[in-house]
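Chemist: This structure is in structure tokens; I'll ask about it shortly.
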Amino acid sequence: MDGSVRGEVAAEFSQIYLRVGADGKVFIPWGSPLGLVRENDIGQVMLTTVRQFGTVPVEAQAFASMPIFDPTWSDAVEFSITAGASASIEPWDPGATGFSIPMTPGITYRVRFVVIDGETGSRQFRDGPQAPPSELYLIQFWPQPASPAVVLKNESPWAQYWVYGGHPQERQVR
């Protein structure tokens, strides 16, 4: 790993954002069924969180080449961006603070968004929303030409909801 930065970001409506910065670009086609991510504005990727509200831990890791995918992860997607002037992880509320990600402007990156222990965090939030999060939101990135956005794994019910809707197991079988 070439670098890592960790911070806490306020989630609202199960959302935090990866902002690629001025002159950046997001390569997620409109309507892609990725569940955990979607482009909702130019230069901005909505990242879905387990928690409907509250502060969540986020770690961004930079690599020189594609990192190994941990087979224990149950919910992960990948997409491509070209970094703009100031990439950052930001809360839903534009007045609140996030943190910068060390991306080089003009470079195209592959981005992997992983929710570690999301199902545990989902149960925890349901049973005690004020409890500190047990889940981690991991963002890995490395230089790579743009390629299609994909769901790498979508195994936990809370994440399947965002891809398949209210009845994930029934829709997945069809």
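The values are calculated or read from the model by the stated rules, or taken from the named source; none is laboratory data. The shown structure was predicted, so the numbers you read here are calculated from the model rather than taken from an experiment. Ideal geometry is used to build each Cβ from the backbone, glycine not excepted, and the neighbour counts take in all protein chains shown. Please note that ligands, DNA and RNA were not included when accessible areas were found on the heavy atoms of the full protein model with its side chains. Shrake-Rupley method; radii C 1.70, N 1.55, O 1.52, S 1.80 Å.
Chemist: Assuming Ala64 fulfils every condition listed in (1) open to solvent by 20 Å² or more (accessible area, probe 1.4 Å); (2) outside any strand (DSSP E or B); (3) in contact (Cβ under 8 Å) with a residue 12 or more places away in the chain; (4) within 21 Å of Leu136 (Cα to Cα) apart from one, which condition is it?
Modeler: Result: Ala64 fails condition (4) only.
Chemist: Continuing with this model, one more query. Among the residues of segment 1-11, count how many are over 14 Å from the mean Cα position of the chain (by Cα) and among the acidic types (Asp, Glu).
Modeler: Matching residues across segment 1-11 total 1.
Chemist: Hey, among Arg51, Arg38, which residue is in a loop (DSSP other than H, G, I, E, B), closer than 20 Å to Trp158 by Cβ and among the charged types (D, E, K, R)?
Modeler: Details: Arg38 fails: in a loop (DSSP other than H, G, I, E, B).
Step by step, each of Arg51, Arg38 is checked, and only Arg51 is in a loop (DSSP other than H, G, I, E, B), closer than 20 Å to Trp158 by Cβ and among the charged types (D, E, K, R).
Chemist: Can you find even one residue in segment 82-92 that is within 14 Å of Ser14 (Cα to Cα) and either free of Cβ contacts under 8 Å to residues at least 12 places away in the same chain or open to solvent by 50 Å² or more (accessible area, probe 1.4 Å) (or both)?
Modeler: yes
Chemist: Do we have Gly54 as crowded, with 22+ Cβ neighbours inside 10 Å, over 12 Å from the mean Cα position of the chain (by Cα), more than 17 Å from Val37 (Cα to Cα) and modelled with pLDDT under 95 here?
Modeler: no
Chemist: What number of residues in segment 108-144 are farther than 16 Å from Gln44 by Cα, of a type outside the set (D, E, K, R) and free of Cβ contacts under 8 Å to residues at least 40 places away in the same chain? Explain how you work it out, then say what you get.
Modeler: Going residue by residue through segment 108-144, those that are farther than 16 Å from Gln44 by Cα are 114-138, 140, 142-144.
Filter once more, so that each one left must be of a type outside the set (D, E, K, R): 114-116, 118, 120-122, 124-125, 128-134, 136-138, 140, 142-144.
Checking which are free of Cβ contacts under 8 Å to residues at least 40 places away in the same chain leaves us with 120, 124, 128, 131-132, 134.
Selection size over segment 108-144: 6.
Chemist: Can you work out which of the residues in segment 14-35 that are open to solvent by 70 Å² or more (accessible area, probe 1.4 Å) and in a loop (DSSP other than H, G, I, E, B) is nearest to Gln160 (Cα to Cα)?
Modeler: The selected residue is Pro33.
Chemist: Next question. Does Pro71 meet the test of being over 16 Å from the mean Cα position of the chain (by Cα) and surrounded by fewer than 13 Cβ atoms within 10 Å (Cβ to Cβ)?
Modeler: yes
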